[in-house]
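Contents: one structure, followed by commentary.
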Amino acid sequence: MFRKLLIGGMTLSLAVVVYLVMTSFQARPVVNATPLVKIVVPARGTTVSWNTLVSYKISVDDKEDGNSAYDEIAPHEVLLQVFYVADSSTLSVHVNEKANAAPEPQGLLSITTLPCFNCHTANAKLIGPSFDRIAARYPHTSSTEDALVNKIMKGSLGTWGEIPMPPNPDVDPATAKEIVRWILKGNRNPDHFFLAGLEGSFRTKLKMKGDTGKGVYVLRASYTDHGATDGSVDRRRGQCSVVLKLEK
Ligand code: HEC
């Protein structure tokens with residue numbers, strides 16, 4: 001009787017051990033860490049002057065993609081949103097990181113995953129014209145949209161100068177259309193615009209007559225990662241905001 005119980009007990013504990021070993025070998029769900037984005041410069045609360053250049057520097061650390069300090073993050077995938085808030089008492093709406101985790105416009109997000117920012121910037125000439133000059137040149141009509149979609153896909157030469165834009169055969173017409181809409185409309189607000197890169201600069205606005213002295217600039221850096229190492233497409237976005245005061 002005692003022997004029977006002992007053997008029964010041993011079989012039971014063996015079963016428990018086998019169960020525990022088996023479950024620990026089961027595939028765990030792949031976790032994609034959220035990137036850690038930091039605005040290194042300027043520091044939180046810095047006071048900036050009107051109508052001057054403000055330099056910025058961003059760092060990104062992502063468990064799967066790597067660290068910007070080791071050149072593992074493509075600069076053109078790092079975005080900076082710059083916006084002027086005329087009344088700083090409404091600021092809490094803008095700096096709550098969770099409430100504002102809304103992703104960037106789709107057209108802009110597509111651009112960050114393509115080579116466009118290697119040759120274009122939002123507001124200064126690089127190899128190609130800046131996106132704000134392109135927006136200023138064309139009326140926003142559906143025929144302009146179609147013409148620019150065509151240029152992006154097939155390439156362009158002679159419209160802006162001697163340097164050609166190579167074709168971008170990986171861009172499908174629907175994505176190209178979203179991109180063109182963003183270029184023509186999405187970045188034209190001087191009080192709210194986007195820049196790409198780990199560092200750069202922008203000019204603050206001119207002080208308006210009758211300014212109430214309550215204005216601030218908000219800088220928001222963001223990076224959307226490439227998903228988990230197994231290639232699953234659960235992309236995570238990290239962001240960081242800094243508020244800058246304006247001189248009185
Ligand atoms: C290798 C550099 C390079 C890359 C990469 C590049 N462009 Fe260009 N882009 C240019 C140049 C140079 C021009 C001016 C061409 C001309 O004068 O016709 C241009 C022109 C344009 C124009 C204006 C065309 C017109 O008719 O006015 C748009 C819009 C544009 N690019 C969007 C994009 C987008 C979107 C991407 C990414 C999918 C991209 N470019 C990638 C160099 C580039």
**Message:** Go through (1) more than 25 Å from SER68 (Cα to Cα); (2) out of contact with any helix residue (DSSP H, G or I) (no Cβ under 8 Å at 6 or more places or on another chain); (3) not β-branched (Val, Ile, Thr) for LEU219 and report which single condition fails.
**Reply:** (1)
**Prompt:** Within segment 152-248, which strands (runs of 3 or more DSSP E) (wholly inside it) include 2 or more residues that are among the basic types (Lys, Arg)?
**Reply:** 237-246
**Fill in**
If we ask which residues in segment 157-178 are more than 27 Å from the chain's Cα centre (by Cα) and not aromatic (Phe, Trp, Tyr), their number turns out to be 7
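To keep it simple, each residue is scored yes or no on (1) over 30 Å from SER49 (Cα atoms); (2) among the charged types (D, E, K, R).
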| site | (1), (2) |
| --- | --- |
| TRP160 | yes, no |
| PRO169 | yes, no |
| PHE193 | no, no |
| ALA196 | no, no |
| ARG235 | yes, yes |
| GLY238 | no, no |
**Asked** When you go through ALA122, ALA174 one by one, which is the residue that is more than 6 Å from the ligand (Cβ to nearest atom), of a type in the set (A, V, I, L, M) and out of contact with any helix residue (DSSP H, G or I) (no Cβ under 6 Å at 6 or more places or on another chain)?
**Response** ALA174
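Every number here is computed from the coordinates shown, using simple stated rules; none is lab data. Just so it is clear, the model here is predicted, and its values are computed rather than measured. Every residue, glycine as well, gets a Cβ built from its backbone with ideal geometry; the counts of neighbours run over all protein chains shown.
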